[in-house]
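Have a look at the structure below before the remarks.
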Number of protein chains: 4
Amino acid sequence: MRIGILTSGGDAPGLNAVIRGAVFTGIQVHNCEFVGFRNGWRGVVEGDIVPLGMPEVKGISKQGGTILGTSRTNPFEGIGGVDRVNQVMQENGIDAMIAIGGEGTLAAAKRLTDAGIRIVGVPKTVDNDLSATDYSFGFDTAVGIATDAMDRLRTTGDAHDRCMVAEVMGRHVGWIALHSGMAAGAHAILIPEQKTSVDQIVEWVTHAHDRGRAPLVVVAEGFSLDTMDDAHSERGLDAFGRPRLGGIGELLAPIIEERTGIETRATTLGHIQRGGTPSAFDRVLATRLGMAALRSVLDGHWGRMVALQGTEIVHVPFEDALGRLKTVPEDRYLEAKVLFG
Amino acid sequence: MRIGILTSGGDAPGLNAVIRGAVFTGIQVHNCEFVGFRNGWRGVVEGDIVPLGMPEVKGISKQGGTILGTSRTNPFEGIGGVDRVNQVMQENGIDAMIAIGGEGTLAAAKRLTDAGIRIVGVPKTVDNDLSATDYSFGFDTAVGIATDAMDRLRTTGDAHDRCMVAEVMGRHVGWIALHSGMAAGAHAILIPEQKTSVDQIVEWVTHAHDRGRAPLVVVAEGFSLDTMDDAHSERGLDAFGRPRLGGIGELLAPIIEERTGIETRATTLGHIQRGGTPSAFDRVLATRLGMAALRSVLDGHWGRMVALQGTEIVHVPFEDALGRLKTVPEDRYLEAKVLFG
Amino acid sequence: MRIGILTSGGDAPGLNAVIRGAVFTGIQVHNCEFVGFRNGWRGVVEGDIVPLGMPEVKGISKQGGTILGTSRTNPFEGIGGVDRVNQVMQENGIDAMIAIGGEGTLAAAKRLTDAGIRIVGVPKTVDNDLSATDYSFGFDTAVGIATDAMDRLRTTGDAHDRCMVAEVMGRHVGWIALHSGMAAGAHAILIPEQKTSVDQIVEWVTHAHDRGRAPLVVVAEGFSLDTMDDAHSERGLDAFGRPRLGGIGELLAPIIEERTGIETRATTLGHIQRGGTPSAFDRVLATRLGMAALRSVLDGHWGRMVALQGTEIVHVPFEDALGRLKTVPEDRYLEAKVLFG
Amino acid sequence: MRIGILTSGGDAPGLNAVIRGAVFTGIQVHNCEFVGFRNGWRGVVEGDIVPLGMPEVKGISKQGGTILGTSRTNPFEGIGGVDRVNQVMQENGIDAMIAIGGEGTLAAAKRLTDAGIRIVGVPKTVDNDLSATDYSFGFDTAVGIATDAMDRLRTTGDAHDRCMVAEVMGRHVGWIALHSGMAAGAHAILIPEQKTSVDQIVEWVTHAHDRGRAPLVVVAEGFSLDTMDDAHSERGLDAFGRPRLGGIGELLAPIIEERTGIETRATTLGHIQRGGTPSAFDRVLATRLGMAALRSVLDGHWGRMVALQGTEIVHVPFEDALGRLKTVPEDRYLEAKVLFG
């Protein structure tokens, strides 16, 4: 059996461990062959293919990024489509595909499998916003990096008696903010799922400061103040309708400073959260997902993705992961909120 | 309500986060008071009590060890026993206890609750060997430290074309070996649950070497070669009935070297696996467990411990965690084994 | 002898190790007493003093920030001045001071020692811009944090075939950019000491990209494009005279993207560079400086600061560190430049 | 010009950065060609040569180990010798060599240059025991790893009120012990240069314990108790003439426990100290040394090695590094000793 693998969308620590898990098992145990599509679906559509054998996967589990490259290309764009994908697979003798990607990738994979193409999926989202899997690889690494950064911010905040605002990833959901904020002992965690007033933030910051703490505010990039017009927010405008140049963290800091009188500084963690060596947790999860994806291929479970439930790897239909974000549930937020202020 | 907290048995990264989770919530939200028993059950029996307020728990989530100290004392030893524990609690106006510890602690707590003392438990085991919880805090940190060490060992193994043997914690179960070995790409993982012959180990090492790898063998401290007499092993004797001075890693290395002809070095990671800053994963888990333990106390759920199942914190009777080790199941071992050699 | 210690200006990893080095030695060996001035010179002027004994310095070497707090207050501001400082010292029975700070602090200390006040200095600058010391503590930690961040940025840059721009500290000098850029294998390092044209940057980025690299550009916050008017730059204006909202990294990224056609992203490392656990190098350096400062006090070497030259700690007059920045010399820049592109 | 590079002796973090520094500069700027000798002098003698171009050095600065492999082979062993080395160089068109290694390598290089072979050296010693260079690459990384491990050991020591003994590298000199011990706040540092009695160690440990500390004892592997017969020690025998199975740390722990009554545990850090990602400091140092070695080759400075003095890279004759260990000087030990107990 000859299997093509692709990684699509934003990168996440663990992509290479997924690839190695599938390739190692397939070659060593099941006599499979592998090729890699370069740069996600673009490689599929363009027939841009690289060999993927044991030498290529040597020692890659601990490397960030993806050895295959990635892109945000959609396989139905341009010259793409079911026929083109079929053609490239046939021309290259590819029997099946493992597609590693987020909601967009899985949605495209569903359309292709519905049209008869043999695809197995592996969910990928640093933000941890895909339903049907307890955790996605990359999330633990991102939380660890953010927590480490906040540990650092706290000491400089304490030294200067400042409020520190840390903006973390999370365009639509607050998982990274919730976990890193809890781990770092944040005095406020602001997430897209929970509209929060400036008054409330000011109260938390002031209360923490009154207790002798240098307040730490963790904010997900997708959070917007409830004074912000949603339409504005969507279009990247600030509360006054002006183009937002910095992120929400940089928007918040001067507001907090002005309202509390406490010197406030913002830091946007940005791209460092998704790069570099994956945590052991993510390497184990990603390796297991890669191995399970290979088993799905061998079992012919097309149209499914592998997922983590509890400590088990399970197989679920693509549609279970589509159409609804896995947001932070109310009770998890309330649990964290007890520690605010 | 006045609540006493104790930490007992070997330390685990996250103990302080449990304490903070309970104390912070109890004081800030529920008007509770807290005291700490010093050095586990010894402090209970001896009435060795320290104040535990907001100042004591400031910033401790990220500290390893336990601010309360710990010991392996049993509350029924010496002057201990139900009456003594009751007496100390009454003399100090303590209404209930949160006991953070492993199987021994939970067994003692069960005996005491059966006698009417109000105790809630929090499971603690770096080895991850307690049933009824998917993961225990400290385990993720230990796996991370071990994986990081193995990443280092691999580069020096590669440079010298050596086989590296890494001995990790795991007296009775192989969870740390399994996870860190998978994360680090080990060529053999040896765990107490799986008797493995020297011939098999030699085959894996040789196969990896033939593929151009510097072989990495991860061995749990509780693993014994199947040529070893179990009685010997139990009594700390080597295969020849002599007292074992080093651990199993140091025993294995010369055997592997002699049988394979590949220069082999052993490293025993030892105590560094259980100390220092907990991972973000463990801080979140431990904080949630501490908060949940406090809720159990407020709800009067005596005789139960808090536990992680999937992503949820649940409450289970002490007995669910007692009497049977959570060993590495066959299928998890076989999954990992695919990557050996 | 009773000695007051203060930390002033921006915090730097290692401040606490300096304090511990002086206090530990003074108390354990020389029978000195210590007090801490709170929040830099402000504590001196306001007589805000805290006890500083063995319990206060326990385990602080590895903590970031400063247990004494810091501020940018000048001792000659407001009610300050020589008489006020003398008065506070006399009222509190303080015989001498150890002032840990940057150029501003050392300049103030010089004025005070010229007026007869007994002060010994310890140079502090994360940016490494003080003359008369080979390295200042905090610099190594900052370089390590920046390098670790860049290692992460590179993997995500590679995955997406992007140019990554990393903005690091260095308002007036490029030491952090130079060292972290060399360590991370940057394809361009932009420092305040070297005016560099956009054309040149574009050439380096393009050349690296042509070689198959995802270009990494490291830029010190104080760098300005040679197309930028110096007066503008000084006043925080951009090349078009508008207030700069982001840093130079965010200014550069769209320019590089437009000129090279390579997708480009900026990350500003910001405050994480100066917080958290100091590196072993910085802890050793800071401890030695603290101990040496105490010896200077005991020897009555007023008006001097301790410094690192080679591997030795030496004593130099305040004025040697004042009046001229320690900039990156031409030959060090040219050495690094060989690796650009 | 065609240049051969070899790495010899024990590996050290930074070897690959040296290689990259030389190769990158030589190819990009000076039109040189490079080859690598595999596994140190063995590759020279056996003519085992690999290509060494830009693709081979891509991204290797941050990798531990050496991409060329290493061995402890001497070029004068077996079929080796001046004529053989000359022959291999001529057959492969190699004009000059860069030899990266410790005292043995530099001594061999000296013999070869004395016989007319064109060699430039780069000093390598994790232990930092080579004269003529302030620091050697790898040392900073080793100290950082050891310090990190000790930070972990201290928290578990505190939790259990134990004395922790950490054995670090340093067969003949105590640099790693001195620096990591100072950084970690050790209560005793035992180095080969300083005979220390058990009574003295017991006094330090007891004093620290009396102050409420969990004592940390750092011991270099080459330290021997003054009750130990030197001849015994040399031959790997313990104080009673029996073969030593563990290292000095495991020998010391039970002695300390018995003499002080404080529970004591030993950890031998071993091979993890020399592997893995080099620190930023070591990457910068190693890169600069590699570039300087290339300049030496281009300038025809045969028989010299590059070295760090202060912040400058200098060129010194091989003999300056030979014949005398760079031991920890008395004043550095006394400085550290002030903090013991």
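When the residues of segment C:226-249 are narrowed to those that are over 30 Å from A:Leu68 (Cβ atoms) and at pLDDT 85 or above, which ends up farthest from the other protein chains (Cβ to nearest Cβ)?
C:Ile248
Among residues belonging to segment C:327-339 that are surrounded by fewer than 20 Cβ atoms within 10 Å (Cβ to Cβ) and more than 9 Å from chain D (Cβ to nearest Cβ), point out the one that is nearest to C:Ala188 (Cα to Cα).
Applying the filter and picking the extreme gives C:Lys337.
Find the residue count for segment B:77-99, including only residues that are out of contact with any helix residue (DSSP H, G or I) (no Cβ under 7 Å at 6 or more places or on another chain) and not small (Gly, Ala, Ser).
11
On the given criteria, is A:Val284 at pLDDT 95 or above, part of a helix (DSSP H, G or I) and not assigned by TED's automatic domain parsing to the domain that holds A:Gly185?
yes
Which members of segment A:293-315 meet the condition of being assigned to a helix (DSSP H, G or I) and over 20 Å from the mean Cα position of the chain (by Cα)?
Within segment A:293-315, A:Leu294, A:Arg295, A:Ser296, A:Val297, A:Leu298, A:Asp299 meet the criteria.
D:Asn128 passes all but one of (1) outside any helix (DSSP H, G or I); (2) in the same structural domain as D:Gly246 (by TED's automatic domain parsing); which number fails?
(2)
Which one of these is small (Gly, Ala, Ser) and under 18 Å from D:His271 (Cα atoms): D:Gly121, D:Gly104, D:Gly144, D:Gly157?
Going through D:Gly121, D:Gly104, D:Gly144, D:Gly157 in turn, the sole match is D:Gly144.
Condition first: without any contact (Cβ under 8 Å) to a residue 40 or more places away in the chain and of a type in the set (A, V, I, L, M). Now tell me which residues in segment D:296-322 satisfy that.
Of everything in segment D:296-322, those that are without any contact (Cβ under 8 Å) to a residue 40 or more places away in the chain and of a type in the set (A, V, I, L, M) turn out to be D:Ile313, D:Val314.
If the requirement is being free of Cβ contacts under 8 Å to residues at least 12 places away in the same chain and among the small types (Gly, Ala, Ser), which of these qualifies: C:Gly9, C:Gly59, C:Gly64, C:Gly47?
C:Gly59
So which pairs qualify, if the first residue must be in segment B:147-160 and touching a residue at least 12 places away in the same chain (Cβ under 8 Å) and more than 7 Å from chain D (Cβ to nearest Cβ), the second must be in a helix (DSSP H, G or I) and open to solvent by 20 Å² or more (accessible area, probe 1.4 Å), the Cβ gap must be under 9 Å, and the two must be at least 6 apart or on different chains?
From residues that are touching a residue at least 12 places away in the same chain (Cβ under 8 Å) and more than 7 Å from chain D (Cβ to nearest Cβ), the pairs are B:Gly157/D:His271.
Kindly list, by first and then second residue, each pair from a residue in segment B:323-341 that is at positive phi to a residue that is of a type in the set (A, V, I, L, M, F, W, C) and open to solvent by 10 Å² or more (accessible area, probe 1.4 Å), limited to pairs with Cβ atoms under 6 Å and residues at least 6 apart or on different chains.
Short answer, once both residue conditions are applied: B:Gly341/B:Trp204.
When segment A:272-303 is examined, which residues are found to be more than 8 Å from every other protein chain (Cβ to nearest Cβ) and of a type in the set (Lys, Arg)?
Correct list: A:Arg295 only.
Does segment A:283-326 hold any residues that are open to solvent by less than 40 Å² (accessible area, probe 1.4 Å) and small (Gly, Ala, Ser), and which are they?
Listed by number, the residues that qualify are A:Ala286, A:Gly290, A:Ala292, A:Ala293, A:Ser296, A:Gly300, A:Gly303, A:Ala307, A:Gly310, A:Ala321.
Tell me, please, whether a residue that is touching a Lys or Arg at 6+ places or on another chain (Cβ under 6 Å), within 20 Å of B:Ser61 (Cα to Cα), open to solvent by less than 10 Å² (accessible area, probe 1.4 Å) and outside any loop (DSSP other than H, G, I, E, B) can be found in segment A:191-214.
no
Of the residues in segment D:119-146, how many are within 14 Å of chain B (Cβ to nearest Cβ) and surrounded by fewer than 24 Cβ atoms within 10 Å (Cβ to Cβ)?
Residues that pass the stated criteria total 0.
Filter segment B:1-46 down to the residues that are of a type in the set (D, E, K, R) and surrounded by fewer than 23 Cβ atoms within 10 Å (Cβ to Cβ) and list them by number.
Across segment B:1-46, the qualifying residues are B:Arg2, B:Glu33, B:Arg38, B:Arg42, B:Glu46.
Filter segment C:253-271 down to the residues that are open to solvent by 10 Å² or more (accessible area, probe 1.4 Å) and facing another protein chain (nearest Cβ under 7 Å), then identify the one that is farthest from C:Asp140 (Cα to Cα).
Per the stated criteria, the residue is C:Arg265.
Residues that are within 14 Å of chain C (Cβ to nearest Cβ) and on the phi < 0 side of the Ramachandran plot: list the helices (runs of 4 or more DSSP H) wholly contained in segment A:35-118 that include at least 1 such residues.
Passing ranges, in order: A:41-46.
Of everything in segment A:43-75, what is farther than 30 Å from B:Asp148 by Cα and touching a Leu at 6+ places or on another chain (Cβ under 9 Å)? Give them in sequence order.
Listed by number, the residues that qualify are A:Gly43, A:Val44, A:Val50, A:Pro75.
State yes or no: is D:Ile49 open to solvent by 10 Å² or more (accessible area, probe 1.4 Å), out of contact with any Ser or Thr (no Cβ under 7 Å at 6 or more places or on another chain) and farther than 14 Å from D:Ile94 by Cβ?
no
I'm trying to understand the selection: among the residues of segment A:161-183, which are buried (at least 24 other Cβ atoms within 10 Å of the Cβ), in contact (Cβ under 8 Å) with a residue 60 or more places away in the chain and away from chain C (no Cβ under 14 Å)?
A:Gly174, A:Trp175, A:Ile176, A:Leu178, A:Gly181, A:Met182
The values are calculated or read from the model by the stated rules, or taken from the named source; none is laboratory data. In this text, all values refer to a predicted model and were calculated from it rather than measured experimentally. All Cβ positions, glycine included, derive from the backbone under ideal geometry; neighbour counts span all protein chains shown. Only protein heavy atoms, including side chains, enter the accessible area calculation; ligands, DNA and RNA are left aside. Shrake-Rupley method; radii C 1.70, N 1.55, O 1.52, S 1.80 Å.
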